[in-house]
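Below is one structure, written out as structure tokens; the observations come after it.
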Amino acid sequence: RRGGAARPGARVCSHGKTAAARGRATLGMALQQCRVLLLVLGCAAVYMLLYLPMIGVRMSRSSGIAVVPDSSMHSTPSPRQLLDLFKKSDVDHDGTLSLIEFEGAARSFAPHSSNGMAETSAAALAHPNTATDFQLAKLTARAVPDAPPPTATRGVVAKESTSRVFVAKGILHDEEEGLSPLPQCSLLFFFHVVKTAGTTMRMLLQRQAQYGEFEYLYTGSTTLPRWQLVMHQLVQNVSSRRLIVEIHAEWGLHRGFFADIRELRRLYASIGCRVTVATVLRNPLSWYLSMFNWRASNAMPLCAFQPPMDGLSRQMVGYALPFTKGANRFIDLPYEAVVSVLRHVDVVGLTEYFDETVALLAARTGIRRLGYAHLAENNKPRHPMLAKAMLRSMLADASVESARAAFKPQPSLPRRSADFGSVAWSEATLRAVADFNEESMRYVERSRGKADCNYFPCAPPLEEAKGVWNRTQCAHVTPRDMLRTMLNHTHTDRAVHAHILSRLNADLSKEQLAIGSSALDTKLAAIKADSAGVSKRRAAALGEHNKNLCATRLCGTPLRSCVDCDFNMVPGIESCWPSWEDQFAPDEHRFWCKRSWTIPGIDEQDLKAKHHPKVAPIPCWQTCWELMLDVGFGGLPAGVEADHGKVPTCLRHGAPHPSNGSTRSVCTQPLHCSPACAKPLFDTLDAFWKHWKERPLVRDINSLNISCPCGPGG
């Protein structure tokens, strides 16, 4: 044999030749071993080249378990990577139960007993809850026939009764490395003040619901039945939950709102739950011009604009912004009264510091999806441009750097003082005011030529003419007069703005995010990067020049993650979020979401009764999320059609009933849901509200130490 011992029958001539043969044999064996070693190394190299890019996962056909070695866990792989890996692997999806296990993940995942995990625990683990870093989520709706029972694996234990495919992973979304843990419980009440980037904030808050991390609710009042229903929901079952309530009330906040929140804080303190009240204000001069551009300029010129005094402050102390007549329009709000209200607001941000506000809100509430997109610009393109030019010139005359700084707030200065802080207006500023006013007059004349002196009252000459516009009505109004009106109507607001500037930096410092610090700079960079991605996805969803948008909704039948969301222009409460796709796009397509009710139809009742329905019995809801899966992973059950390339949701027909003790969901996919409903506290909502208002912390409004005047709110 080549390189080995002599063949049988071969003659050995001498001792020397035998030694040479032995030498050749030894060399041959060494070469053979080298060839085997090279072959092994070559195979290993090919294996590494093919599989290391796929996060170092090895797949086993026999067990169907993908193991991620600890040494390859340089960063948590995203679910998209895992799904891609799983589709490319050689695991028999149709005949093998498959798990993905992170070796070493047990260091942050508390394993359950070896005999598996109860069904209730499976649902809990599917929730992106930070009690553990690793949860289970079912990633296919395709049955696996004759699959072997799962076994306990290090870091992952599952009880499988439906022979589906499970994947264990860290957090349920892409790019999770920089995210903070979610709180077990957090309630956020956001008061949306008109024209303070509130719609942008709404988009950001609603994204928390798209990612299955917070519920989102909308209410236009803190006194009407919808608000009462929210209070009943939170009181009838005090449980850990994550909830965002947006309050968009142009009628202002009644003091009773803060008494309601005080009682909620007491109830939820027993379970260690955060309760946060937040709002965003704005540089008053910028707000004044934005307010005019948004609504008033549709019907009146700048020279005839006479809005209520201190529009920002009056919303905080309970006075309405629109439809104000007579003396109500000119209520003099003391600076101290507004500040006494703001003491009850945990986060007071500023539009000009929007990203800093978002960072502070995240630190206080635990929200994590901090990207947003700027929505559509004003449809009167020259108005914003001229307004900005006017504001820049005003700030320069007052030696104010930008709208991020205070404009000479002097609470001690009389409101109608002639010098307004001794600002000497330049010719450039007076010309900018005149140009803006001229454009606004042209706009009214090009449209219907009649002003709306109802929503925002007009100056007396135009009001006396019953809104019929004529240039002679402003013939004697000079640019200086318009500047005087502007400063006179923002007197208290400017003082409050200076106070909030100081407070915002102090609040950020408490969270180790002081303005100018490296920690805040890092946070702002992350928000900017996330926002760039959101903006890109939004642009793709809406199309060039919003060609994919039909009114407030996307045209056609696009994939919508909100299951059975209503199409009502007036935002309802029955769906996971309102159907305003012009504001909420892009749909992130991460989870299906459905809100189920014990008694459906509250939105229809609310509309028919003009927001004053008689609610009896009291309905209750539960919100559930289901992971959205591509059809390519695992396929579809027989007879089921794909939904835009996704496995259809079971929530449409199989969501659990929201009441405790009811039949559990028929969904085989793991769901995570808000707390289930308990028995209503009273037979009618009126009865509950009457009892609620008798609670000591709710009844004793005076102990809030809010200075008045205070409006009735709405």
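The values are calculated or read from the model by the stated rules, or taken from the named source; none is laboratory data. On a predicted model such as this, the values are computed, not experimentally measured, just so you know. Note: ideal-geometry Cβ built from the backbone for every residue, glycine included; neighbour counts use all protein chains shown. The protein model used for the area step is the full one, side chains on, heavy atoms only, and it has no ligands, DNA or RNA in it. Shrake-Rupley method; radii C 1.70, N 1.55, O 1.52, S 1.80 Å.
Give me the distance between the Cα centres of the range 237-270 and the range 340-361, rounded to whole Å.
Measuring centre to centre over Cα atoms gives 17 Å.
Longer than 32 Å from Cα to Cα, which of Lys608/Lys679; Lys325/Lys510; Lys466/Lys614; Lys523/Lys547 are they? Say none if no pair is. List each step's numbers first, then the result.
Working: Lys608/Lys679 27 Å; Lys325/Lys510 43 Å; Lys466/Lys614 38 Å; Lys523/Lys547 34 Å.
Pairs exceeding 32 Å: Lys325/Lys510; Lys466/Lys614; Lys523/Lys547.
Specify whether the C-alpha gyration tensor of the range 488-533 places it in the rounded, prolate or oblate class, a ≥ b ≥ c being the square roots of the eigenvalues: rounded for a/c under 1.5, otherwise prolate if a/b is larger than b/c and oblate if not.
Since a/c reaches 1.5 but b/c is at least a/b, the shape of the range 488-533 is classed as oblate.
Divide, for the range 179-301, the radius of gyration over alpha carbons by 2.2 N^0.38 Å, where N is the residue count.
Expressed relative to 2.2 N^0.38 Å, the Cα Rg reads 1.19.
Quick check on packing: order 597-607, 277-287, 184-194 by the mean number of other C-beta atoms within 10 Å, highest mean leading.
Highest to lowest by the protection proxy: 277-287, 184-194, 597-607.
Rounded if a/c is under 1.5, else prolate if a/b is larger than b/c, else oblate: which is the range 312-379, with a ≥ b ≥ c the root eigenvalues of its Cα gyration tensor? All intermediate terms of the calculation are to be shown ahead of the outcome.
Working: a/c = 3.29, a/b = 1.54, b/c = 2.13.
In terms of gyration-tensor shape, oblate.
Take the residue pairs Lys450/Lys610; Lys528/Lys594; Lys388/Lys528 and return only those whose Cα atoms are more than 27 Å apart. Write out the running numbers ahead of the final one.
Numbers: Lys450/Lys610 29 Å; Lys528/Lys594 30 Å; Lys388/Lys528 24 Å.
The pairs that break the limit, which is 27 Å between Cα atoms, are Lys450/Lys610; Lys528/Lys594.
I'd like the distance between the alpha-carbon centres of the range 662-707 and the range 533-580, rounded to an integer number of Å.
So the separation of the two Cα centres works out to 30 Å.
What are the trypsin sites (Lys or Arg not before Pro) within the range 431-532 that DSSP puts in a loop, where the Cβ has at most 13 other Cβ atoms within 10 Å? The partial results should precede the final answer.
Details: sites: Arg431, Arg442, Arg446, Arg448, Lys450, Lys466, Arg471, Arg480, Arg484, Arg494, Arg503, Lys510, Lys523, Lys528; in loops: Arg448, Lys466.
Sparse-neighbourhood loop trypsin sites (Lys or Arg not before Pro): Arg448, Lys466.
Counting only protein heavy atoms and using a 1.4 Å probe, what share of the accessible area of the range 533-669 belongs to carbon plus sulfur, as a whole percent? Write down the numbers at each step before the final one.
On the way: 3640 of 6510 Å².
On the range 533-669, the fraction of accessible area on carbon and sulfur atoms equals 56 percent.
Express in Å², to the nearest 10, the accessible area of Tyr335 obtained by rolling a 1.4 Å probe over the protein heavy atoms while all chains stay in place.
60 Å²
Quick check: convex hull of the Cα atoms in the range 598-710, volume per residue, rounded to a whole Å³?
In the range 598-710, the Cα convex hull volume per residue is 207 Å³.
Convert each backbone phi in the range 607-616 into a coupling constant with the Karplus relation 6.51 cos²θ - 1.76 cosθ + 1.60 (shift: θ = phi - 60°), then list the ³J(HN,Hα) values in order as whole Hz, x for Gly and Pro.
Karplus-based 3J(HN,Hα) across the range 607-616 equals 5, 4, 8, 6, 6, 10, x, 8, 9, 7 Hz.
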